[in-house]
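Nothing in this text is a laboratory measurement; each read-out follows from the coordinates by a stated rule. Note that the coordinates shown come from a computational prediction; the quantities given were computed from them, not determined experimentally. Cβ coordinates were reconstructed from backbone atoms using ideal geometry, including for glycine residues, and neighbour counts include every protein chain displayed.
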Amino acid sequence: MSELMTALETVMKVYDEYAAKDEQTGTLTKTEAKQLMQEQLSERFEGTEDEGKVDQIFEEFDCDSNGEINFGEFGWLVCSILHAIHKKCPA
Ligand SMILES: [Ca+2]
Ligand SMILES: [Ca+2]
């Protein structure tokens, strides 16, 4: 598999792994999202041991405000991190 497809597959695997930590295996609850942020994205999101900070990030990416992060919303989060870390991106 190509380098890029391997990277994308890893993104899917990480999402699936954390989303499956409770009965709702297709979406991330705030508890699951918090764990994912702390274990996988601590370099990007500082202060995730603070509930207020987790709430803020969660609400930003829970676009339909249903209290869960679905795969589409997670994709948006990943995309926003890519934009932020790639210095050539305009925004
Ligand atoms: Ca879940
Ligand atoms: Ca949502």
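Computed quantities for the displayed model
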item: 3 or more residues in contact with a Ser or Thr (Cβ under 8 Å, 6 or more places away or on another chain): qualifying helices (runs of 4 or more DSSP H) within the range 13-91; result: 30-40, 51-61
item: Residue count, the range 60-78 (criterion: under 11 Å from ALA33 (Cα atoms), acidic (Asp, Glu) and away from ligand 1 (no atom under 13 Å from the Cβ)); result: 1
item: Number of the exception - PHE45 against (1) under 12 Å from the mean Cα position of the chain (by Cα); (2) within 16 Å of ligand 1 (Cβ to nearest atom); result: (2)
item: Filtered residue count, the range 11-55, keeping only those that are within 16 Å of ligand 2 (Cβ to nearest atom) and either under 15 Å from PHE74 (Cα atoms) or touching a residue at least 24 places away in the same chain (Cβ under 8 Å) (or both); result: 18
